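The values are calculated or read from the model by the stated rules, or taken from the named source; none is laboratory data. It should be emphasised that the depicted structure is a prediction, and the values quoted were computed from it without experimental measurement. Because the Cβ atoms are built from the backbone with ideal geometry, glycine has one as well, and the counts that use them run over all protein chains shown. The protein model used for the area step is the full one, side chains on, heavy atoms only, and it has no ligands, DNA or RNA in it. Shrake-Rupley method; radii C 1.70, N 1.55, O 1.52, S 1.80 Å.
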Amino acid sequence: MAHLVAHLEVNDVSKAYDQGRGQSVQALSNVSLQLGRGEFVSLVGPSGCGKTTLFDIIAGLTMPDRGQVLIDGIDRTGETGYVSYMPQEDLLLPWRTTLQNVMLAPELRGGDLTESRQEVMKLIDLFGLSGFEDSYPFELSGGMRQRVALLRTVMCKNDIMLLDEPFGALDAITRRDMQVWLRSVWEQLRITVLFVTHDVEEAVYLSDRVYVMSGRPGRIVHECVIPLESSRPRTITSSPEFIALRSQVMDALDSGT
Amino acid sequence: MVGKARTRAAREYIPAAVFLAVVVVAWEVLVRVTDMPNWLLPAPLRIVTALWQTRGQLISHAVPTIVESALGFVIGVVIGVATGVVVTRFALFRRAVYPLLIALQTVPTMALAPLLVVWFGYGLLPKVLLVVLVVFYPVAVSTVEGLDAVDRKLVNLLRTMGASDLQVYLKVRIPSALPGIYGGMKVGATYTVISAIVGEWMGASRGLGVYLLRASNSFATDRVFAGILAVAALSIVLFGIVALSQRLTMPWYFKQQRQREETI
Ligand SMILES: Nc1ncnc2c1ncn2[C@@H]1O[C@H](COP(=O)(O)OP(=O)(O)OP(=O)(O)O)[C@@H](O)[C@H]1O
Ligand SMILES: [Mg+2]
């Protein structure tokens, strides 16, 4: 890989938040990571270790104190518009229906919307949102809102996607379905995905690689390649190989906190 | 659903209607029993009669008042919203204009009416300007407050989607400020017709203000009351138009509110 430029590279990023009265919280400390084009990488770490902060920095919303964000080898630190970002809160616009929320990114891009609308209508079924196309966010359950937010992010159409705990509010069964769906979509599209989760099994099932972060200040303490075959049936989670990988990540998580 | 809504509306409005009816009947009885002279306090029936008898006159006097109110209101809202957008968009404007705006809010706008006559004469202009001033302040201030109160995270989300400043305003800031802007418009609407009347009192040949002055000068108090009723009716209509357009532009807001009420 050394001769190739990483699709997304985070280079020695540190960030402290000012808490007022001269106090500050070190959220991230010397974080570096690389994602190859078309790679699915997960980031696991304890609550408050700076995962969301890192995503905000990659998305260009927060300036790091130190370090750079490189996209295709070009310094994009503090620049927005290069990644599709699904924030941890669903952040649906309360005055827009499901369909209108999902169509936000195509609308901002401008041009003909019929193609995007057709695509959305196909996906809405898959996302379990049919019948709720014209509902407002307050009329949806937490899990449904999260699926709307994920669909909206998918419609952003950047070839880098940041997903901050996209399945956090889902029940176990829907969550499994969405994981299988995400993995299969990713197999078709081969976009670069950076995925935050607290669920180690989810990280191992979905990813080509898993980064483990320590508690605050967040550092990368472990990197685990997942050498499972690309196409993954759900049953793979009970294979000995999978279980070994899962406990490897789990151990790294335990020792990092 | 409909039946339920109707019973709720009934529960809400019946007490007010009954109270109003009691007051009106008591008033009628009081005037008759004490044989109150008309120039002092006319009975409700007499007022209604005056309203009916002078309806042609009232309508022809109402036309210029409606024109002044409508023009002034629309212009005031447009300038108020535009000022709010400019103040929140350009930091320099906020520092230069906003403190003045807040300070000027304490100036009694009606007191400017004689000045406007000095500057602009007795035509349509000074009346419209007075209405514009009265509507402008609450709309501008509520627009600034609404645009400032936007959820930063929503703005950031749009920025990650590559939205321009204009798109952020159109898709997020203005929609989220709408409830506040409508609040400001409602405040403005309640003062609109009154301001047009005050403008007319400074000098005019036609208008409900003129009608009121003439009736009062000739001690036709029943007509004064008829004129007041007409002014009130115009105010209510304007307020109703604002409320209706809010319902049409923000259906989600009322749906959510209704649901909240039902769960309480
Ligand atoms: N805007 C902010 N101002 C001040 N401190 C902040 C801000 N955002 C985050 N922090 C602090 O930075 C640290 C990291 O927060 P962050 O949200 O990145 O954690 P996280 O890993 O995403 O946690 P979780 O898994 O619970 O979502 C926390 O200690 C938090 O208090
Ligand atoms: Mg987080």
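For residue A:71, state whether it is more than 16 Å from ligand 2 (Cβ to nearest atom), within 14 Å of chain B (Cβ to nearest Cβ) and surrounded by 16 or more Cβ atoms within 10 Å (Cβ to Cβ). Before you say what the answer is, go through the steps one by one.
Working: more than 16 Å from ligand 2 (Cβ to nearest atom): yes; within 14 Å of chain B (Cβ to nearest Cβ): yes; surrounded by 16 or more Cβ atoms within 10 Å (Cβ to Cβ): yes.
The answer is yes for residue A:71.
Just need a number here: residues in segment A:31-73 that are near ligand 1 (Cβ under 10 Å from one of its atoms) and β-branched (Val, Ile, Thr). Qualifying residue count for the region: 5.
Take residue A:28 and decide whether it is open to solvent by less than 10 Å² (accessible area, probe 1.4 Å), within 12 Å of ligand 1 (Cβ to nearest atom), modelled with pLDDT of 90 or more and over 14 Å from the mean Cα position of the chain (by Cα). Spelling it out, residue A:28 is indeed open to solvent by less than 10 Å² (accessible area, probe 1.4 Å), within 12 Å of ligand 1 (Cβ to nearest atom), modelled with pLDDT of 90 or more and over 14 Å from the mean Cα position of the chain (by Cα). Contact map, segment A:181-202: residues that are more than 25 Å from residue A:218 (Cβ to Cβ) and more than 16 Å from ligand 1 (Cβ to nearest atom) paired with residues that are at pLDDT 90 or above and in a helix (DSSP H, G or I), Cβ distance under 6 Å, separation 6+ or inter-chain. Pairs shown: A:183/A:206.
Within the set A:42, A:14, the sole residue that is outside the structural domain of residue A:152 (by TED's automatic domain parsing), part of a strand (DSSP E or B) and more than 16 Å from the chain's Cα centre (by Cα) turns out to be A:14. Would you check which residues across segment B:24-39 are surrounded by 11 or more Cβ atoms within 10 Å (Cβ to Cβ) and out of contact with any Asp or Glu (no Cβ under 7 Å at 6 or more places or on another chain) and list them? The answer is B:24, B:25, B:26, B:27, B:28, B:29, B:30, B:31, B:32, B:36, B:37, B:39.
Of all residues in segment A:156-177, at least one satisfies being modelled with pLDDT under 90, closer than 23 Å to residue A:44 by Cβ, open to solvent by less than 60 Å² (accessible area, probe 1.4 Å) and among the hydroxyl-bearing types (Ser, Thr, Tyr). The combined condition, being part of a loop (DSSP other than H, G, I, E, B) and among the aliphatic types (A, V, I, L, M), is not fulfilled by residue B:128. If you check A:50, A:45, A:78, A:60 for being free of Cβ contacts under 8 Å to residues at least 40 places away in the same chain and either open to solvent by 20 Å² or more (accessible area, probe 1.4 Å) or within 16 Å of ligand 2 (Cβ to nearest atom) (or both), only one passes: A:78.
Based on this model, can you work out whether residue A:208 counts as more than 16 Å from ligand 1 (Cβ to nearest atom), open to solvent by 40 Å² or more (accessible area, probe 1.4 Å) and in contact (Cβ under 8 Å) with a residue 40 or more places away in the chain?
Numbers: more than 16 Å from ligand 1 (Cβ to nearest atom): yes; open to solvent by 40 Å² or more (accessible area, probe 1.4 Å): no; in contact (Cβ under 8 Å) with a residue 40 or more places away in the chain: yes.
So residue A:208 does not fit the description; no.
Checking each residue in segment B:215-238 for being exposed (fewer than 15 other Cβ atoms within 10 Å of the Cβ) and either free of Cβ contacts under 8 Å to residues at least 40 places away in the same chain or farther than 15 Å from residue B:47 by Cα (or both) picks out B:216, B:217, B:218, B:232, B:233, B:236, B:237.
Exactly one residue out of A:86, A:121 is free of Cβ contacts under 8 Å to residues at least 24 places away in the same chain and either within 14 Å of another protein chain (Cβ to nearest Cβ) or out of contact with any Lys or Arg (no Cβ under 8 Å at 6 or more places or on another chain) (or both): that is A:121.
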